[in-house]
Amino acid sequence: MDRKMILSILAFAVFAFIGIMLLLPDENIEDQTPRLPWQVEQDGQGRTRVFGFTLGETTLGEIRRLFQEEGEISLFARLDPDHQAVAYAVEAYFDQIYLNRIRGDFVIGIQADAATLGPMYERGLRISQLGSGAKKVKLDPADIATLETLPISAITYLPWKSLDAEIVAKRFGTPAEQRLEPETGVTHWLYPDKGMDLAMDKKGGVVIQYVNKDDFPGLIAPLEALAKPAPIP
């Protein structure tokens, strides 16, 4: 699913109930690896590392084992109007995951090309039409097993705790730029050096997207039309 679709579908739904943080020790994942959303770094190859996962290296299978959840895995297909071709994307959605006693939902993008995803689309068990015009496909279990071995390409994190600008600045630092979506009131805090876009609505609901730095221009490309520069406090 592309970035604009995430903001218009996932983020809108989550903003409706974001604002509570529950601490359930028996469900919390505890290990020696720091897994906080503001602990973002790049490895020697310039790949983004956050929550203990490295984009382009960590596999979907590793994440499923750590979360102890299978997640909801879906393939999305949409017609690319510029090239008149089908564009594919595949994601895994995990809800109510506790890392370092913080509750949040995760959407994990999986790195796979059209040559891999096209046949999976044809073998799909069920296809549904989305309002955006894209199609959502439920995959064959054998294809899900294949996806487990592939590296992840992006992470979208949806914390259940609302935040304010002061907390965001303290935890994540001053952004390189802010952009405001006038129609929605969502402000994007952009951190290109971290490969991170933190989108915050007026009530403190937050959606954070992480990509590798090389992919950051593509991540924020839709903002050129949707948002305008906003002054940083």
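Residues that are modelled with pLDDT under 95 and touching a Leu at 6+ places or on another chain (Cβ under 8 Å) were ranked within segment 148-170; the one that is farthest from LEU117 (Cα to Cα) is VAL168. Within segment 96-114, residues that are of a type in the set (Ser, Thr, Tyr) reach partners that are assigned to a strand (DSSP E or B) and surrounded by 15 or more Cβ atoms within 10 Å (Cβ to Cβ) with beta carbons closer than 7 Å, at six or more positions or on different chains, in the pairs TYR98/ILE29.
Can you work out which of the residues in segment 131-147 that are of a type in the set (A, V, I, L, M), farther than 19 Å from THR58 by Cα and in contact with a strand residue (DSSP E or B) (Cβ under 6 Å, 6 or more places away or on another chain) is modelled with the highest pLDDT?
Let us first name the residues in segment 131-147 that are of a type in the set (A, V, I, L, M), namely 134, 137, 139, 142, 144-145, 147.
Those still in the list that are farther than 19 Å from THR58 by Cα too: 134, 137, 139, 142.
Remaining after also requiring in contact with a strand residue (DSSP E or B) (Cβ under 6 Å, 6 or more places away or on another chain): 134, 137, 139.
On the way: ALA134: 86, VAL137: 92, LEU139: 95.
Ranking the qualifying residues of segment 131-147, first place goes to LEU139.
Scanning segment 57-78 for residues that are in contact (Cβ under 8 Å) with a residue 40 or more places away in the chain and within 29 Å of LEU163 (Cα to Cα), we see that the one that is surrounded by the most Cβ atoms within 10 Å (Cβ to Cβ) is LEU60. All conditions but one from (1) touching a helix residue (DSSP H, G or I) at 6+ places or on another chain (Cβ under 9 Å); (2) open to solvent by 30 Å² or more (accessible area, probe 1.4 Å) apply to ALA142; the one that does not is (1).
Scanning segment 107-126 for residues that are open to solvent by less than 30 Å² (accessible area, probe 1.4 Å) and not in a helix (DSSP H, G or I) gives VAL107, ILE108, GLY109, ILE110, GLY124.
Taken together, the residues in segment 151-191 that are buried (at least 16 other Cβ atoms within 10 Å of the Cβ) and either within 24 Å of ASN100 (Cα to Cα) or not basic (Lys, Arg) (or both) amount to 26. Scanning segment 192-219 for residues that are farther than 14 Å from ALA165 by Cβ and open to solvent by 30 Å² or more (accessible area, probe 1.4 Å) yields PRO192, ASP193, LYS194, LYS213, ASP214, ASP215, PRO217, GLY218.
The values are calculated or read from the model by the stated rules, or taken from the named source; none is laboratory data. Everything numeric in this text was worked out from a predicted model, so none of it was measured. All Cβ positions, glycine included, derive from the backbone under ideal geometry; neighbour counts span all protein chains shown. Note: accessible area is taken over every heavy atom of the protein model, side chains too, but ligands, DNA and RNA are not part of it. Shrake-Rupley method; radii C 1.70, N 1.55, O 1.52, S 1.80 Å.
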